[in-house]
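Worksheet: one structure, shown below.
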Amino acid sequence: QPNDATVLVFGPFNADGIAELERRFTARKLQKRDLAELPEAERGAIRAVAVAGHIPNDAIDALPRLEIIAHFGVGYDGVDAAYAASKGIAVTNTPDVLTEEVADTTLGLLLMTVRELGQAEAHARAGHWEAKGPYPLTRFSLRGKTVGIMGLGRIGLAIARRLEAFGLTIAYHNRSRRSDVSYTYHDTLAGLAKAVDILIVAAPGGASTDKAVNADVLKALGSDGIFINIGRGSTVDEPALIAALKDGTIARAGLDVFADEPRIPAELLALPNAVVLPHVASASRDTRRAMGDLVADNLSAWFAGEPLPTPVPESVKAGLTRAK
Ligand code: NDP
């Protein structure tokens, strides 16, 4: 049922997601994250924004009738949800529909990093197997290892389930201990890093995790330590990570996320002991389509006066769970 409400698509957005928004609403698309593309006279008609990534507060301020921001992605650190709530604007995200995909990718990244699968494939493709002999035995193996997860939430638990099936020992650090798991809890990140062979970050970005993985944590992880990040680049002190990989403070890193995407520091790209992926953890067509559908479902619910399927905690706290 097409709705006459206009949804502003704020910058780059998944193509299937745009098609779904256009099917249900009138969609106005910005090519860049810049309201200058939208004539002032049209701004007053915008009641809803769909965004993947960042929307600045001054753009929120410039839309006088804005009621809801539907974020494409579970990690909504690019939206100031507390600020939006202070203006009576609801924010939604896309949890659950991407959890298993992201956990799958994390295990792939972990195996690439530990067992050098990318380098081994390059060896085969270059003809080195026949010309020079087998790929060298890898320094590391997953066998017998203990894995620490920072951020044992939806995705962290899905990773932990897979690691259990791999026969590995699991520990974790959250701000609070979970009552529904028997994995060893550490109340500090450095304590977790010290206790494990492999540290996986699956925590949100934002102020509470900003540069949490710092030089001290990397030192605690140690010279045989392996670091995997599929959370957010902001959670790592990236220069400290590069230094730690260069001087052997830790052994390896596998990274899907970076501090200043899509830029990856040249120093990091040059390191043989880092595996880098271009933020692809949820990036299958099916999963991205499910995320786009959930963005549209939140907007449909809002305009129908029904409860939002997935409001973020800041909006729930402010009572912004359905249109008034
Ligand atoms: P959840 O909210 O379910 O889990 C987040 C977990 O992190 C919770 O267990 C929480 O526990 C913990 N946490 C939050 N803040 C801190 C903190 N300051 N210190 C320690 N632990 C903390 O989220 P999801 O599992 O659904 O998603 C997690 C994140 O993964 C997203 O926010 C996003 O940034 C990232 N992500 C990355 C993707 C990619 O493409 N690479 C794709 C999808 C998600 P507690 O509250 O007790 O601290």
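What follows draws every value from the coordinates through simple rules; no lab data is involved. All values reported here derive from a predicted model rather than from experimental measurement. All Cβ positions, even for glycine, are placed from backbone atoms using ideal geometry, and neighbour counts span all protein chains on display.
Brief remarks follow.
- Separation in nanometres of the label points that stand 7 Å from Cα toward Cβ, at residue 162 and residue 224: 2.4 nm
- Note on segment 168-311: along the principal axes its Cα atoms extend 57, 40, 29 Å, ordered by decreasing extent.
- Two-site FRET efficiency, residue 306 against residue 117, from Cβ-Cβ distance with R₀ of 51 Å, rounded to 0.05: 0.65
- The chain, relative contact order in percent, only Cα pairs under 8 angstrom and at least six apart counted: 18 percent
- Taking amide H as placed 1.01 Å from N in the peptide plane, residue 73 has its amide H under 5 Å from the amide H of 94, each at least 5 places away in sequence or on another chain.
- Using Cβ point charges alone (K and R +1, D and E -1), the dipole size of segment 103-154 about the Cα centre works out to roughly 200 debye.
- By the beta-carbon count within 10 Å of each Cβ, the least crowded to most crowded order of 129, 302, fewest first, is 129, 302.
- Computed over segment 218-282: relative contact order in percent, which uses C-alpha pairs under 8 Å that are six or more apart: 37 percent
- Which of 110, 30, 63 has the fewest Cβ neighbours within 10 Å, and the rest in rising order: 30, 63, 110
- Value of Rg/Rh across segment 1-80 [Cα atoms, Kirkwood radius]: 0.92
- A Förster distance of 25 Å, applied to the separation of the beta-carbon atoms of residue 141 and residue 247, puts the FRET efficiency at 0.60.
- A simple packing score, the average count of other Cβ atoms within 10 Å per residue, orders the peptides 181-189, 147-155 as 147-155, 181-189, with the highest score first.
- Mean projected area of the Cα convex hull of the chain, taken over all directions, amounts to 18.4 nm².
- Taking Cα centre as origin and charging only the Cβ of basic (Lys, Arg, +1) and acidic (Asp, Glu, -1) residues, the dipole magnitude of segment 227-324 rounds to 240 debye.
- Normalising the average separation of contacting C-alpha pairs (under 8 angstrom, six or more residues apart) by the number of residues puts the relative contact order of segment 47-174 at 18 percent.
- Label zone of residue 54 (point 7 Å out along Cα→Cβ, amide N under 12 Å): in segment 238-268 this covers 259-263.
- Cβ-placed point charges (K, R +1; D, E -1), dipole of the chain about Cα centre in debye, nearest 20: 480 debye
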